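For reference, the structure discussed in these notes is given below.
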Amino acid sequence: MRKAVIALVATLILVGVCVFGLAACVDIHDEGDGVYSNQGVLYRYNGQFATVIGAVEGARYCKILPRLENEELGLDAEVTMIEEGAFAGAKIDQVEFDTGFKNLTIYPNAFAGSSISNLEDFPYTGVTLMDNALAGMGNLKELSVRGDSREAGCYYIGEYDNGLYGVGKDGKITLYLVPAARRSADTYTITADIVAPGAFSNNKSISTVNVGNSVSRICKGAFAGVRVLNVSLVEASAEIFVEEGAFEVDKDMRFYVSADSVEVLNHWIKLSDGEQLEALSGLIHPDTCTMTQPHVHGLSAENAPATSLEGIPYEVTDASHYRIKIGETEYTLEYLFTAFSAE
């Protein structure tokens, strides 16, 4: 009987220690110089608001709070920012968001180069993402959103790719992030209206991209660090705009564009001060081409019958259709998705 009582007392003590330990681990700790820590996250407090500045050394799990509240420490602040590069390079397995965010801004490269494999309970509303805010998570496999709404200003997870999508005030859908380490298929079809910078960064499986007819913009750096070899816009609208630097330059890249009218060409040939052709000049590629070697088609009399674009005259100067004369200067378009050279 005595042994049973002793065992019971020991168990109660152990439970008490565990409960106390759990309470201690969720307490806010003063790290000095206006920095506080809680559940693996470091915050900087400025008297009214708090900013996430990184992870506690050695932490493998981080839970980001919407507020810092501690009467004993005199804290009562809304968490409004995750600063640029806050978790960059951190050896973290999982980052979770708590409930209640009202006005959180995540700055560029906040998680870039980290080992995060699970980004859990991302707020479905109340968050602003700066360009490349979620870029650079090469180990990310799982991504979830806390809440489910497709109203303007909300985020949700796409069924096709488990990607993070957001709905703008104008109703347009932006693809913000596809988990880089999740996909195994080598072909991806874009269906969102806009592809944000860093949406596919560090993805190692995608080599072929099909652009749907709903896509209106692919932003600079959308495919940063991704070796895409084939991009097809055969079904895409003439209104699409691909920002320079949206794809990584690769000499073997083939970019298929249905360039059968001046209206379509106007979206792909960009003239700078009437003296330069931007890198996008090399993107024009007829959908019927079956050539396997790196090459470029440029303009031809058949698919560009006009004599000027945006008021600047040009002319095709050889049968292979890759020399273009603008004013008195003749340019040679090089391999796909590279810049021109002047002669």
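Taken together, the values in this text are just the output of simple stated rules run on the coordinates, not laboratory data. Remember, it's a predicted structure, so these values are computed and weren't measured experimentally. Backbone-built Cβ (ideal geometry, glycine too); neighbour counts: all protein chains shown.
Things to note:
- Using R0 = 35 Å, the C-beta based FRET efficiency linking Ile53 and Asp170 works out to 0.55.
- Segment 108-198: relative contact order in percent, alpha carbon pairs under 8 Å with at least 6 residues between: 26 percent
- Cα gyration tensor shape of segment 141-214, rounded if a/c is under 1.5, else prolate or oblate by comparing a/b with b/c: oblate
- Listed peptides 175-181, 94-100 by packing density, highest first (mean Cβ within 10 Å): 175-181, 94-100
- Extension gain, Ala88 back to Arg67 (0.36 nm per residue minus Cα-Cα distance, nm): 5.3 nm
- Spin-label zone in segment 37-57 - amide nitrogen under 14 Å from a point set 7 Å from the Cα of Thr105 along the C-beta vector: 49-52
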